[in-house]
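**Student:** Provided herewith is a single structure, encoded as structure tokens, for subsequent inquiry.
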């Protein structure tokens, strides 16, 4: 993972084709005031409207692409990325240069996709519900590329030492995929488990034949570069974006 020199935004470290560009913003470089300081991109969290608009315009100017924002609802709908429409969806895909598939998170898992030929990209927002219900699989279906031709990068999300869930969550994942058991470790709290969302995602992708999976290893809760809902319920959102150049 490399860091941007100006504002410490992140560039995914994955063997994507040269025309595939990707970026993850951090808290740095914006105008939002605490507790949204400072580069909050979420318009739904209580931040000043003007501050969010300023930050979004700054993002567009810096990356030279048009983000396709989504109204995320923890579902599995995948939209055609469209900068002029805020679709109710949790993933988007495009084959059009200059349009950035964009998801916002603050503990949930952002997953970026591309094909090895560099002809299409996608981004998915995967909280545990979306992951359980198949948002990654739905994104693969929309991408419509053979599994062996797909690359996936897993961005900053809540880490396995911070993600405590109830036993019902573990049972739900195991009901779909028994080997998901390996992604849960008993918590010190009775009836609770520590979940590894990165491992769960890799298992679901592997079940579809996608093994070129990169990234992971972050923890938004413990890493102050990122917004974290679990750390502070009143907080901003950072964005993960992937797009094609001409």
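**Student:** What about residue 177, is it surrounded by fewer than 16 Cβ atoms within 10 Å (Cβ to Cβ) and in contact (Cβ under 8 Å) with a residue 24 or more places away in the chain?
**Tutor:** Details: surrounded by fewer than 16 Cβ atoms within 10 Å (Cβ to Cβ): yes; in contact (Cβ under 8 Å) with a residue 24 or more places away in the chain: yes.
Against the criterion (surrounded by fewer than 16 Cβ atoms within 10 Å (Cβ to Cβ) and in contact (Cβ under 8 Å) with a residue 24 or more places away in the chain), residue 177 qualifies.
**Student:** Check whether at least one residue in the range 193-204 is at pLDDT below 95 and more than 11 Å from residue 154 (Cα to Cα), and report yes or no. Quick ask: steps written out before the conclusion?
**Tutor:** Taking the range 193-204 first, the residues at pLDDT below 95 are none.
So far as the range 193-204 goes, no, none of its residues is at pLDDT below 95 and more than 11 Å from residue 154 (Cα to Cα).
**Student:** Do we find that residue 60 is at pLDDT 95 or above and over 28 Å from residue 148 (Cβ atoms) in this structure? Talk me through it step by step, then tell me what you get.
**Tutor:** Working: at pLDDT 95 or above: yes; over 28 Å from residue 148 (Cβ atoms): yes.
Yes: the conditions hold for residue 60.
**Student:** Quick check on residue 113: is it touching a helix residue (DSSP H, G or I) at 6+ places or on another chain (Cβ under 6 Å) and in a strand (DSSP E or B)? Before you say what the answer is, go through the steps one by one.
**Tutor:** Working: touching a helix residue (DSSP H, G or I) at 6+ places or on another chain (Cβ under 6 Å): yes; in a strand (DSSP E or B): yes.
Judged against the criteria, residue 113 is a match.
**Student:** Would you please name the residue that is nearest to residue 199 (Cα to Cα), looking only at residues in the range 218-246 that are more than 13 Å from the chain's Cα centre (by Cα) and not in a loop (DSSP other than H, G, I, E, B)?
**Tutor:** 243
**Student:** Among the residues that make up the range 206-216, is at least one of them surrounded by fewer than 17 Cβ atoms within 10 Å (Cβ to Cβ), assigned to a loop (DSSP other than H, G, I, E, B) and touching a helix residue (DSSP H, G or I) at 6+ places or on another chain (Cβ under 7 Å)?
**Tutor:** Checking the range 206-216: at least one residue is surrounded by fewer than 17 Cβ atoms within 10 Å (Cβ to Cβ), assigned to a loop (DSSP other than H, G, I, E, B) and touching a helix residue (DSSP H, G or I) at 6+ places or on another chain (Cβ under 7 Å).
**Student:** Going by the structure shown, is residue 48 modelled with pLDDT of 95 or more and farther than 21 Å from residue 19 by Cβ?
**Tutor:** Values: modelled with pLDDT of 95 or more: yes; farther than 21 Å from residue 19 by Cβ: yes.
So residue 48 fits the description; yes.
**Student:** Right, another one. From (1) in contact (Cβ under 8 Å) with a residue 40 or more places away in the chain; (2) out of contact with any helix residue (DSSP H, G or I) (no Cβ under 8 Å at 6 or more places or on another chain); (3) outside any strand (DSSP E or B), pick out the condition that doesn't hold for residue 201.
**Tutor:** (2)
**Student:** Just give me the residues in the range 61-79 being at positive phi and more than 14 Å from the chain's Cα centre (by Cα), in sequence order.
**Tutor:** First pass over the range 61-79, keeping only residues at positive phi: 64, 74.
64, the sole residue that qualifies.
The values are calculated or read from the model by the stated rules, or taken from the named source; none is laboratory data. Keep in mind that what you see is a predicted model, and the values were worked out from it rather than measured. Here the Cβ is made from the backbone with ideal geometry for all residues, glycine too, and neighbour counts use every protein chain on show.
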